[in-house]
Amino acid sequence: MIDHKIDEQLKRLSRAIADTSPEPPTLTTESPRRTGFRPVRAVGWGFSIALVIGLATVLVATQWPTGPKEPTASAGAGETTAARVGDQSRWDWIMEHSAPTANQDLRVADPSATPVPNFDYADLGVEQHLIGADPVALAFNPMGGDDTPLLPFVYVGKVADTEASAYLFRANDDRISITRSLLCFAVAVPDGGSVGCEHERPAESIDPDYIISGTSLQHAGTPPGVSIPDLIVNFAQLPLDTALVVLSLDDGRTFVQRPVIGSALIVIDDLGNAGIDYAELLDTSGQVIAHEDFQAAWEHLEEDSIQD
Amino acid sequence: MVGMSINKDVALESDRQLYERHGRAVIRFASSLVGPSDASDVVHDAITAMIASRGLVGAEDPKALMYRAVLARARTMQRSAIRRRRREHRYAESIMTADPEVMPEVAEAVARLSPQQRACVFLTYWEDMTPLQIADHLSIAEGTVKHHLARARKHLREVLDD
């Protein structure tokens, strides 16, 4: 009965669309008009995203963009944070913007280093606050070894109303042929965690093409009895003028988060059959710094999962 | 040099004829993706860019080529969360104005679907295409079409259940 109603409603809706569509426009021979959209390629910033489902996966991105540095994004926000820090290494910047704790292996991120949105984003999506309360050391060795010089960890924060916490650390590990230091993003949940690493980039991001080519999706099985969120999406090396991360699912749900020291962690407990539609970074004025569509990648991920 | 100009003009005319033949269907398709208020811009930009780059003449299925160009342009337009919200609102409003029998929840739910999902819904319910035909038109896998339709229906089922 309800399927019949859906069919009937969709037919009505399709007819209404057809009835209200305008006349086809007359084509001019001029170049296409601009509609206000800023293409990603012209923006000049990159971000990387590692999507992690399951336990203890290690993701190592080996590509390093070699193109010329892009100019700093203007985006109407005046001088950006990145412009001030220049080519400073990402890790040095993270250390500068984190404070030591009584535990010498643990530092805590300074959330004030994140630009503040000066636009109303209340209706953009459900906000997931990344809070810095109660830092605790990471409870597992993410690289699996006992004597690997990974420390210190920087506690980024915990996603409010969830059990997921985020950490950053730097890996230098000859055992797995890492010749340049890796910046790793660890997610801890009560029953385990996951880690994604990629080559450490300057605090100033490099190549907008890396937004696409550097995207990595990980999909691991969930061991029986483990209670973890359906989906954890982490952003480890955001452009420093990112004021808001937007993650949209293809069922219409959208989540937003203010990053902390260039990192964000969005947790989805009830993914259901939804997939990721797109991720977007906004600067302090709400301008799009970077955008990435995930539908194709998500479908590919699902197909792999089905084959497994 | 003059000869090249003449040839280009001839080709352009043929492209325009192809566009005029399918323009009505293309603008309806664009309306299903972005709503009537943005459809003209999407069609204009997509088709003029296509004609400028490769043209429609000689394409095995010019209508499908135009559909793909329009879908790509619509997805590009999606690239602003703020603008997207406003567009979704306008989209749902225009549907409900055209047919008050369409439930507001359904119009809003469809407005929030991704452009590719909306394309699959519209081509199924307006053009009566099969998943295989939609897959050919949009150059995506048949399984993806079925996937999109299943997701859209599941989403609507949840809306209607509430």
Task: Scope region B:133-143; condition touching a residue at least 12 places away in the same chain (Cβ under 8 Å) and either in a helix (DSSP H, G or I) or over 11 Å from B:ALA119 (Cβ atoms) (or both); matching residues - done: B:ILE134, B:ASP136, B:HIS137, B:LEU138, B:SER139
TODO: For residues that are assigned to a loop (DSSP other than H, G, I, E, B) and small (Gly, Ala, Ser), scanning just region A:275-293, find the one that is nearest to the other protein chains (Cβ to nearest Cβ).
DONE: A:GLY286
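Every residue, every condition in (1) among the basic types (Lys, Arg); (2) open to solvent by less than 40 Å² (accessible area, probe 1.4 Å); (3) within 23 Å of A:GLU280 (Cβ to Cβ); (4) modelled with pLDDT of 85 or more, yes or no:
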residue: A:ASP110; (1), (2), (3), (4): no, no, no, yes
residue: A:LEU130; (1), (2), (3), (4): no, yes, yes, yes
residue: A:ASP134; (1), (2), (3), (4): no, no, no, no
residue: A:LEU150; (1), (2), (3), (4): no, yes, no, no
Task: region A:120-139, residues that are touching a Phe, Trp or Tyr at 6+ places or on another chain (Cβ under 8 Å) and more than 12 Å from A:ALA109 (Cα to Cα) - done: A:GLY125, A:VAL126, A:GLU127, A:GLN128, A:VAL136, A:ALA137, A:LEU138
Task: A:ARG175 vs. criteria open to solvent by 20 Å² or more (accessible area, probe 1.4 Å), modelled with pLDDT of 75 or more and not aromatic (Phe, Trp, Tyr) - done: no
Task: In region B:110-127, residue farthest from B:ALA25 (Cα to Cα) [restricted to those that are assigned to a helix (DSSP H, G or I) and at the interface with chain A (Cβ under 7 Å from one of its Cβ atoms)] - done: B:VAL110
Open item on the list: Just to verify a result, which residue in region B:71-81, among those that are part of a helix (DSSP H, G or I) and open to solvent by 30 Å² or more (accessible area, probe 1.4 Å), is nearest to the other protein chains (Cβ to nearest Cβ)?
Closed with: B:ARG75
Open item on the list: Need pairs with beta-carbon distance below 8 Å; first residue farther than 21 Å from A:ALA18 by Cβ and within region B:40-53, second among the acidic types (Asp, Glu); sequence gap 6+ or separate chains.
Closed with: B:THR48/A:GLU30; B:ILE51/B:ASP15
Open item on the list: Take the residues in region A:248-274 that are in contact with a strand residue (DSSP E or B) (Cβ under 7 Å, 6 or more places away or on another chain) and at pLDDT below 75; name whichever of them is nearest to the other protein chains (Cβ to nearest Cβ).
Closed with: A:ALA274
Task: Sole residue being crowded, with 16+ Cβ neighbours inside 10 Å and in contact with a Ser or Thr (Cβ under 7 Å, 6 or more places away or on another chain), chosen from B:LEU149, B:LEU156, B:LEU123, B:LEU138 - done: B:LEU149
TODO: Would you mind telling me which numbered condition in (1) modelled with pLDDT under 85; (2) within 7 Å of chain B (Cβ to nearest Cβ); (3) surrounded by fewer than 16 Cβ atoms within 10 Å (Cβ to Cβ) A:ARG34 fails?
DONE: (2)
- [ ] Could you check how many residues of region B:34-61 are more than 8 Å from every other protein chain (Cβ to nearest Cβ) and hydroxyl-bearing (Ser, Thr, Tyr)?
- [x] 2
Open item on the list: Kindly evaluate B:VAL102 against the criterion of being facing chain A (nearest Cβ under 8 Å) and either touching a residue at least 24 places away in the same chain (Cβ under 8 Å) or touching a Leu at 6+ places or on another chain (Cβ under 6 Å) (or both).
Closed with: yes
Open item on the list: Criterion first (within 10 Å of chain A (Cβ to nearest Cβ), in contact (Cβ under 8 Å) with a residue 12 or more places away in the chain, open to solvent by 60 Å² or more (accessible area, probe 1.4 Å) and at negative phi) does B:ARG68 satisfy it?
Closed with: no
Open item on the list: Quick check on my filter: what residues within region B:128-149 are among the small types (Gly, Ala, Ser) and within 10 Å of chain A (Cβ to nearest Cβ)?
Closed with: B:ALA141, B:GLY143
- [ ] Enumerate the pairs (first residue in region A:97-118 and part of a strand (DSSP E or B); second residue anywhere and surrounded by fewer than 17 Cβ atoms within 10 Å (Cβ to Cβ) and polar (S, T, N, Q)) with beta-carbon separation below 6 Å, excluding pairs fewer than 6 apart on the same chain, so at least 6 apart or on different chains.
- [x] A:VAL108/A:THR101
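The values are calculated or read from the model by the stated rules, or taken from the named source; none is laboratory data. The structure displayed is predicted, hence computed values, not measured ones. Ideal geometry is used to build each Cβ from the backbone, glycine not excepted, and the neighbour counts take in all protein chains shown. Each accessible area value is taken on the protein alone, full model and side chains, heavy atoms only, with ligands, DNA and RNA left out. Shrake-Rupley method; radii C 1.70, N 1.55, O 1.52, S 1.80 Å.
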